[in-house]
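Data first, discussion second: the structure below is written as structure tokens.
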Amino acid sequence: MENMVKKWDSKVNSASDISVTARGTLSMLMQHLNEEDKRPVIKLSQGDPAAFPCFRTSHAAEEAVINALRSAKYNCYAPFVGIPPARRAVAEYLSRDLPYKLSPDDVYITSGGAQAMEIILSVIAGPGASILLPRPGFANYEARCAFSNLEVRHYDLLPEKGWEVDLDGVKALADENTIAIVIINPGNPCGNVFSYEHLKKIAETAIELGLLVVADEVYGHLTFGCTPFVPMAVFGSSIPIITLGSISKRWSVTGWRLGWLVNCDPTGTLQKSRIVECINSSLKIISNPVTFIQGALPQILDLEKTNSDYFSISTNLLKEATEILCDKIKEIPGITCPTKPEGSVFAMVKLDFSQLEDIDDDMDFCVKLAKEESVIVLPGVIVGLKNWLRISFATDPKYLENGLERVKSFCKKHFKKHFY
Ligand SMILES: *Cc1c(COP(=O)(O)O)cnc(C)c1O
């Protein structure tokens, strides 16, 4: 028996060693909570608006699902690429913001943005291939690349430039085996939104380096600052773009598991490569999203049906939360938020250890914060930036305020005495 287990273990995918996903770290932090503290735990860690009643999804989306279910038309297996009305609805929804029209054939319906990520990363993981990922970024990319044996190279997002891409760094990293670059916009974890001009420079760099651009736009249109959301695919005529998206965040239905992978390829360049063929093959062996949610998608994405109040209420809540976040952080010694978020549901805040004592690093900060104040935040090291914190503001604004009030007591307690 022992030998059998040894044999199995020698062949297990070594990617299982990766415990540094956000979820793994958060459950570790939860174990440090102090049971004596009778106050409720405040979690500023997860980017899940659906956990709060104030972000409840639109009435139209709920009706759409009920109608789809009641119609009894969506109880069977769906085609592996998604049902035709759902593909058409995504093509139309995305084409509203593009200078060309996407075809339903360009669209694959997936189980959330996460499965769209999984598909494209496994497709481009040929022998020796590498991919460029942002740092800080979304740790699921690293974990998924490890499972696919896809080599990761990190390019930096620059805090002093509002988290723009370090394009010189990108040029220095890519070689002939580098297949793709992932761009997350609006950004998780920095809450930044790239301008049209910056996206254009990214496209030009990708053309120069021969990179496929994978645009993670799961937070598409979740913006509330001065910079409007521009989809990467507006540059599709110059270079093919693979766009990933979902209804999870904008509609606040993370549990519905409905997303898409779209070939934005008006020149037909991707069609000439084996990438499209490989995406099709991979879709044949994975599980589709639930058919009645696919059936509801045309009504959900029909923006005339969704009372536009729904979107303005949720973006206003997020805007209000970022204001609370930035104001409150100014009152807290030892931490700063250099860039006010303009999109997504996250901000990165910086720790200043010249002002804090009895704390070793960001991980230690988060462990002690859980223990002393029953607040959970994610250490920056998990998303690639040591001695920063990632804070989610996809919460009730009052809840965020209470959480930050506790962070303030914590930082005051650990503030270096000679600073007073
Ligand atoms: C949440 C998230 C995803 C996954 O989206 P789902 O639709 O929930 O699967 C992908 N990318 C980023 C950057 C995210 O924050």
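The values are calculated or read from the model by the stated rules, or taken from the named source; none is laboratory data. Please read all numbers here as calculations on a predicted model, not as lab measurements. Note that each Cβ is placed from the backbone with ideal geometry, even for glycine, and that neighbours are counted across all protein chains shown. SASA here: full protein model, heavy atoms, side chains in, ligands and nucleic acids out. Shrake-Rupley method; radii C 1.70, N 1.55, O 1.52, S 1.80 Å.
For LEU317, the accessible surface of its heavy atoms amounts to roughly 30 Å² (probe 1.4 Å, protein chains only, rounded to the nearest 10). Working from Cα pairs under 8 Å separated by at least six residues, relative contact order for region 59-305 is 29 percent. Would any residue of region 128-146 have its amide N under 17 Å from a label point 7 Å out along Cα→Cβ of THR21? List them or say none. Of the residues in region 128-146, 137-146 have backbone N under 17 Å from the label point off THR21. Note on the chain: helix-only mean residue ellipticity at 222 nm, from DSSP H runs of 4+ residues weighted -39500 (n - 2.57) and normalised by residue number, equals -12000 deg cm²/dmol. The gain in end-to-end length when the CYS226 to LYS413 segment is fully stretched comes to 63.7 nm, 0.36 nm per residue minus the alpha carbon separation. Annotation: extensible slack from LEU209 through LYS101 equals 36.2 nm (criterion: 0.36 nm per residue apart, minus Cα-Cα distance).
Of all the accessible heavy-atom surface of region 73-156, with the other protein chains kept in place and a 1.4 Å probe, what percent is carbon and sulfur? Write out the running numbers ahead of the final one.
Details: 1860 of 3550 Å².
Roughly 52 percent of what the probe reaches on region 73-156 is carbon or sulfur.
The mean accessible area for residues of the chain, using a 1.4 Å probe and ignoring ligands and nucleic acids, is 45 Å² per residue. For ASN280, project a label point 7 Å along Cα to C-beta. Then give me every residue of region 96-132 with its amide nitrogen under 15 Å of that point. Correct set: 104-109. DSSP finds beta bridges in the chain, and of those with both partners inside it, around 55 percent are antiparallel. For PHE80, the accessible surface of its heavy atoms amounts to roughly 70 Å² (probe 1.4 Å, protein chains only, rounded to the nearest 10). Net charge dipole, the chain: roughly 700 debye, given to the nearest 20, about the Cα centre with Cβ charges of +1 for Lys and Arg and -1 for Asp and Glu.
Enclosing the Cα atoms of the chain in their convex hull gives a volume equal to 174 cubic angstrom per residue.
For the full complex of protein chains and a 1.4 angstrom probe, list ARG406, ARG96, ARG153, ARG70 by accessible area with the highest value first. Could the numbers behind the result be given before it?
Working: ARG406 25, ARG96 135, ARG153 50, ARG70 195 Å².
Result, largest first: ARG70, ARG96, ARG153, ARG406.
Remark: region 108-185 projects, on average over all directions, an area of 5.5 nm² (convex hull of Cα atoms).
Magnitude of the charge dipole for region 1-104, about its Cα centre and with charges confined to Cβ atoms of Lys, Arg (+1) and Asp, Glu (-1), is about 480 debye.
Quick one: length gained pulling THR269 to PHE353 fully straight, 0.36 nm per residue minus the C-alpha distance?
Numbers: separation 84, 0.36 × 84 = 30.24 nm, distance 5.01 nm.
Between THR269 and PHE353, full extension yields 25.2 nm more.
Spherically averaged projected area of the convex hull of Cα atoms, region 59-305: 12.8 nm².
Sequence gap at least 6, Cα distance under 8 Å: using those rules, report the relative contact order of the chain to the nearest whole percent.
On the way: 795 pairs, mean separation 101.6, N = 420.
Computed over the chain, the figure is 24 percent.
Starting from the residue with the highest accessible area, list ILE313, ILE293 in decreasing order, probe 1.4 Å. Present the calculation step by step, with values, prior to reporting the outcome.
Working: ILE313 100, ILE293 15 Å².
Reading off the accessible areas and sorting them downward yields ILE313, ILE293.
Working note: Karplus 6.51/-1.76/1.60 with θ = phi - 60° gives region 306-316 the couplings 6, 3, 4, 4, 4, 5, 6, 4, 6, 5, 5 Hz, where Gly and Pro are set to x. Accessible area per residue (1.4 Å probe, heavy atoms of protein chains only) ranks LYS398, LYS330 as LYS330, LYS398, with the largest value leading. A Förster distance of 22 Å, applied to the separation of the beta-carbon atoms of LYS7 and GLU151, puts the FRET efficiency at 0.20.
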